[in-house]
Amino acid sequence: MKQATIKHYRLAEEFSSFPGGRLRKHGPYSGEEFREDVLLPLYESSDKIVIDLTGTVGYGASFLDEAFGELGKLFGFSEVHKKLELRADDDPDIIPMIWAKIKIASEEG
Amino acid sequence: MVEGSQPCGGDGLLELVFVLVSGLAGVLIGRFWQRKDQSSAQIMDGVQNACAAIDDITLDAISYFTVVEQNDIKRSKSALINYKFKKLRNELRILVASAKLDEQHFFHINTRFFDSVTKSPFGDALADYGDLDGNRIDLIQSAASDFLEALRQVKR
């Protein structure tokens, strides 16, 4: 029986402590860069991913929309909800905000 | 025993019990009010801190969207605003717990304010500011004003 693969990713340590804006053209560490270079490859190569958002200076809605909202558009809310786990020990209230963005984007998609 | 005198002890004991019970009740009522005062003060502090944070973010956001600056300065300002939002969410969490509100009490108004400030083109390059929606400042101020009103409604 194949064992489920779970990958953990700590955004502050492995991507940046200073997440940027929406698109690559807007500067480094954008939501688009995170989604294309990190999130999608992790998502497609594992059964479950745990993204730890703890430790950054903070996130803007433009970064979150582009990084996570687009995931909802691509795969739908229920699939993303099964496969993605979010953590933010120092800012737990950002998590329901991200899920709301994924839900809205999946309905638009 | 002298005729007509009352048996000693009965009334004295009753009086003692009365003094003890009323003393204990006084202590308990005092503690109750002390805790209530502390809780009210904590809620009031929470409301004041959150209101100050919202005013602060609003000023920073207006400056961010109206003052022309180098991209690296813009990026530093956007990081600072993101940090202030993170602090605001933590202030709100403490306030919600001390005022015994529903966890989702400020969710929609908080998200609205957060989105009004930090949705695109926030965090983006200066060159894109030509596309900035002229109503953005109005949106930020309106969301901030509704947020402040919601905070003032919190019962102490």
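The values are calculated or read from the model by the stated rules, or taken from the named source; none is laboratory data. What you see is a predicted model; the values in this text were computed from it and never measured. Cβ placement follows ideal geometry from the backbone for every residue including glycine, while neighbour counts extend to all protein chains displayed.
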Which one of B:Phe147, B:Phe85, B:Phe107 is farther than 18 Å from A:Ser62 by Cβ, facing another protein chain (nearest Cβ under 7 Å) and at pLDDT 90 or above? B:Phe107
Filter result for the condition that a residue is modelled with pLDDT under 90 and either assigned to a loop (DSSP other than H, G, I, E, B) or at the interface with chain A (Cβ under 9 Å from one of its Cβ atoms) (or both), over B:Gly130, B:Gly134: B:Gly134
Spans of helices (runs of 4 or more DSSP H) in the range A:1-66 with at least 2 residues crowded, with 20+ Cβ neighbours inside 10 Å and in contact with a helix residue (DSSP H, G or I) (Cβ under 8 Å, 6 or more places away or on another chain): A:31-34, A:61-64
Of all residues being assigned to a helix (DSSP H, G or I) and within 9 Å of chain A (Cβ to nearest Cβ) in the range B:88-104, which is nearest to B:Ala50 (Cα to Cα)? Just the residue, please. B:Leu92
